[in-house]
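Contents: one structure, followed by commentary.
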Amino acid sequence: MSWAFTFVDQPWFAGYRQLATNGVDLAVLNTFRLFARLGPEQVDAASDHQVPLDAIVADGVRVAPDVGVLATRRPSGALAILLWHYHDDDVPGPAAAIHLTLQGGMAGYRANILRVDSAHADAFTAWRAMGSPAHPSADQIRALDRAALLKREPVPIRAGSVDFDLPRQGVALVEFESPARR
């Protein structure tokens with residue numbers, strides 16, 4: 001659920017509680033799309049850099065970033081694992097080195113990743129790279145639409161694990177297709 005509004009004739013990227021700006025999807029909408037790809041059955045998952053909920057409620061995420069995980073199983077048997085790298089301060093910081101291993105191994109699995117971060121599915125970064133035009137041209141709007149797209153990419157499984165960097169303020173969904181269901 002989201003509490004969002006639509007305001008017409010507003011400047012590009014000039015608001016809160018929005019899912020799109022002038023018809024271009026925002027990264028927050030793509031994050032909701034990742035949530036929608038999770039399965040209905042939660043499975044155990046742990047991160048050695050996840051900040052406990054009671055600490056977040058009491059103190060926020062100000063000292064060390066929260067690198068968390070939520071794993072689910074779909075009715076097909078596929079796994080969908082959501083990871084995030086969050087800090088209250090929206091300033092540059094080092095990426096989190098993700099090392100993801102499935103208990104019982106990954107033999108026969110195929111993995112794909114969808115990302116939302118400053119380099120993936122984020123029209124705002126593309127807009128800033130254009131010089132933050134107040135009135136983007138038709139070509140620039142098409143480029144913003146392309147920059148906002150979620151892209152499902154294969155991710156290699158090496159030595160029984162998946163490794164990738166997750167930028168600060170990034171979210172990723174790793175989907176594992178079960179070998180028994182292909």
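The values are calculated or read from the model by the stated rules, or taken from the named source; none is laboratory data. What you see is a predicted model, and the numbers here were worked out from it, not measured in a lab. A quick note on method: Cβ atoms are made from the backbone with ideal geometry, for glycine too, and the neighbour counts reach across all protein chains shown.
Taking Ala58 as meeting all but one of (1) closer than 14 Å to Glu177 by Cα; (2) not in a loop (DSSP other than H, G, I, E, B), write down the number of the exception. Unmet condition: (1).
Among the residues examined, Pro136 does not qualify as part of a loop (DSSP other than H, G, I, E, B) and modelled with pLDDT under 95. Within the range 149-182, if we keep just the residues that are within 12 Å of the chain's Cα centre (by Cα) and of a type in the set (Gly, Ala, Ser), the residue that is nearest to Gly105 (Cα to Cα) turns out to be Ala172. I'd like to know if the range 18-25 contains one or more residues that are among the acidic types (Asp, Glu), buried (at least 17 other Cβ atoms within 10 Å of the Cβ) and either assigned to a strand (DSSP E or B) or touching a residue at least 24 places away in the same chain (Cβ under 8 Å) (or both). Yes, because at least one residue in the range 18-25 is among the acidic types (Asp, Glu), buried (at least 17 other Cβ atoms within 10 Å of the Cβ) and either assigned to a strand (DSSP E or B) or touching a residue at least 24 places away in the same chain (Cβ under 8 Å) (or both). What number goes with the only condition from (1) touching a residue at least 40 places away in the same chain (Cβ under 8 Å); (2) assigned to a loop (DSSP other than H, G, I, E, B); (3) surrounded by 13 or more Cβ atoms within 10 Å (Cβ to Cβ) that Ile81 does not pass? It is condition (2) that Ile81 fails. Assessment of the range 30-45 against the conditions (exposed (fewer than 12 other Cβ atoms within 10 Å of the Cβ), over 29 Å from Gly15 (Cβ atoms) and at pLDDT below 95) yields at least one matching residue.
Could you grab me the full set of residues in the range 61-76 that are surrounded by 15 or more Cβ atoms within 10 Å (Cβ to Cβ) and either part of a strand (DSSP E or B) or touching a residue at least 60 places away in the same chain (Cβ under 8 Å) (or both)? Across the range 61-76, the qualifying residues are Pro65, Asp66, Val67, Gly68, Val69, Leu70, Ala71, Thr72, Arg73.
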